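A quick write-up on the structure given underneath.
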Amino acid sequence: MDEFASPLELVRATSPERPVTLARPERLVRSARWFQSNFPGTLLYAVKANPSPWVISGLAAAGVDMFDIASTAEAELVRALAPHATLAYNNPVKSRASIARAYHEFGCRIFALDHIDELAKIEAATNYADDLTLIVRLAVDNAAAALPLAGKFGASIFDAPALLQAARARAARLGVTFHVGSQCMEPSAYAHAMRACSTLIARAGVTVDIVNCGGGFPSLYPGLTPPPLTRYAQAIEAASEEMLVMENAELWCEPGRALVAEAGSVLARIELRKGDALYLNDGAFGNLFDAAHLSWRFPARLIRASEEWQAEEAPFRLFGPTCDSMDAMPGPFPLPADADEGDYIEIGLLGAYGAAMASKFNGFGDADAAIVSDWPWQSIYDEQYAVEWVAASQRKRRGRGAAEAGGR
């Protein structure tokens, strides 16, 4: 990939015709270092969030040596770029052929499951191997997540004890895992989930070697302001100490969004303006899936070669290039009021579920790629963010206290 100091330098040098996915590898290293230093256990990267080669290679170079995969295509990718990494096939439902290929061809020994029939598939496809690490996924509450993921995976409180017993009888190592939902906004959600898992472990009467608290760690989007990540690490560590597991049990996490969101953005060109609507050359079927289908707001800024625009901002809606009416991002996205055709918009925090979600619908979806080194937005990894969050929380508490006193 070509390298530029900033998107502005890229626009001045190339005037790109297609969308450009912008990589910031140093942000990737920073997020990996945070988890390595602050999470009280082992870090796995959830490849689904962004399978770009620069992400896999960058994390491996930063010392991440375990990868959560959901398919043999992801296994093949990781093996090519990080050949000595440990693979965890944590998709709870897999084909027999993919299980066999993961085990025999890619050396995967870690498999997740949430049903007794999946356990039978894993056994048969691995020729009843005796070196399996089996991770039982349990259903937990997703109420604290901006994007709940409950309903598809996870053994229920009724089925989990028997499944844990069956897996324990067949596993060299047994683990439990769960997912509190994507963009989890409450650190306590992890503690609640871990207590629920502990109850099911006790009912099953089994020993557990691994607790994988999954993903869900948040990023800092406009309108979705989570607590500092240190609160999540503290809640998980405290809860792990109370769990009914082996004293030397391993603690894992598998972030995707939080590891890569800040490491990527997309540069899109305005093709037409209609009042407060800007029509871009990227959209819902490209890198802006979450902005459209979840109506999430993302940080955005105008990029114009002349760097001259009206000082005041106005709220804009964004539309993508396809002929589908779902190709719309309601925002609102505050941008300079004179934004117009030929200008570019950089939309941030798309390192997660940006390029990974792009399709070829209507013949669109192709994008160029480049590396940039600037960082224009607040980071969830900034110490200043934690200070500001604590101060804001204290102001809210004082405000509630005054209101309650007035009511009395």
Condition check for Asp366: loosely packed, with under 12 Cβ neighbours inside 10 Å, of a type in the set (D, E, K, R) and within 26 Å of the chain's Cα centre (by Cα): yes
Subset of the range 147-175, residues outside any loop (DSSP other than H, G, I, E, B), in contact with a strand residue (DSSP E or B) (Cβ under 8 Å, 6 or more places away or on another chain) and either surrounded by 18 or more Cβ atoms within 10 Å (Cβ to Cβ) or without any contact (Cβ under 8 Å) to a residue 24 or more places away in the chain (or both), comes to Ala155, Ala160, Leu163, Leu164, Ala167, Arg168, Arg173, Leu174, Gly175
The residue that is farthest from Phe106 (Cα to Cα), considering only those in the range 35-89 that are hydroxyl-bearing (Ser, Thr, Tyr) and out of contact with any Leu (no Cβ under 6 Å at 6 or more places or on another chain), is Ser37
Scanning the range 350-376 residue by residue, those outside any helix (DSSP H, G or I) and among the aromatic types (Phe, Trp, Tyr) turn out to be Tyr353, Phe364, Trp375
When (1) acidic (Asp, Glu); (2) more than 14 Å from the chain's Cα centre (by Cα); (3) not in a loop (DSSP other than H, G, I, E, B) are applied to Glu247, the one that fails is (3)
By my count, helices (runs of 4 or more DSSP H) wholly in the range 1-73 with at least 3 residues that are farther than 30 Å from Ala100 by Cα, out of contact with any Lys or Arg (no Cβ under 6 Å at 6 or more places or on another chain) and of a type outside the set (Ser, Thr, Tyr) are 7-14, 25-38
Margin query: Take Ser306 and tell me if it is over 28 Å from Pro25 (Cβ atoms), outside the structural domain of Tyr45 (by TED's automatic domain parsing), among the hydroxyl-bearing types (Ser, Thr, Tyr) and within 26 Å of the chain's Cα centre (by Cα).
Written below: no
Taking the range 92-111 and keeping residues closer than 19 Å to Ile210 by Cα and buried (at least 20 other Cβ atoms within 10 Å of the Cβ) leaves Pro92, Cys108, Ile110, Phe111
Of the residues in the range 112-137 that are of a type outside the set (Val, Ile, Thr) and in contact with a Ser or Thr (Cβ under 7 Å, 6 or more places away or on another chain), the one that is surrounded by the fewest Cβ atoms within 10 Å (Cβ to Cβ) is Leu132
Practice item. Looking only at the range 332-349, decide whether some residue is aromatic (Phe, Trp, Tyr), touching an Asp or Glu at 6+ places or on another chain (Cβ under 6 Å) and either part of a strand (DSSP E or B) or outside the structural domain of Lys274 (by TED's automatic domain parsing) (or both). Key: no
Of the listed residues (Ser37, Ser57, Ser15), the one being out of contact with any Asp or Glu (no Cβ under 7 Å at 6 or more places or on another chain), in the same structural domain as Arg269 (by TED's automatic domain parsing) and of a type outside the set (D, E, K, R) is Ser15
*Just wondering, is there one or more residues in the range 84-101 that are in a strand (DSSP E or B) and free of Cβ contacts under 8 Å to residues at least 24 places away in the same chain?*
yes
Of the residues in the range 350-395, those that are in contact with a strand residue (DSSP E or B) (Cβ under 8 Å, 6 or more places away or on another chain) and farther than 24 Å from Asp324 by Cβ come to Gly351, Ala369, Ala370, Ile371, Val372, Ser373, Pro376
The one condition Glu341 fails out of (1) crowded, with 21+ Cβ neighbours inside 10 Å; (2) modelled with pLDDT of 95 or more; (3) acidic (Asp, Glu) is (1)
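The values are calculated or read from the model by the stated rules, or taken from the named source; none is laboratory data. Here the structure is a predicted model, which is why all the values come from computation and not from measurement. Virtual Cβ from ideal backbone geometry, glycine too; neighbours counted across all protein chains shown.
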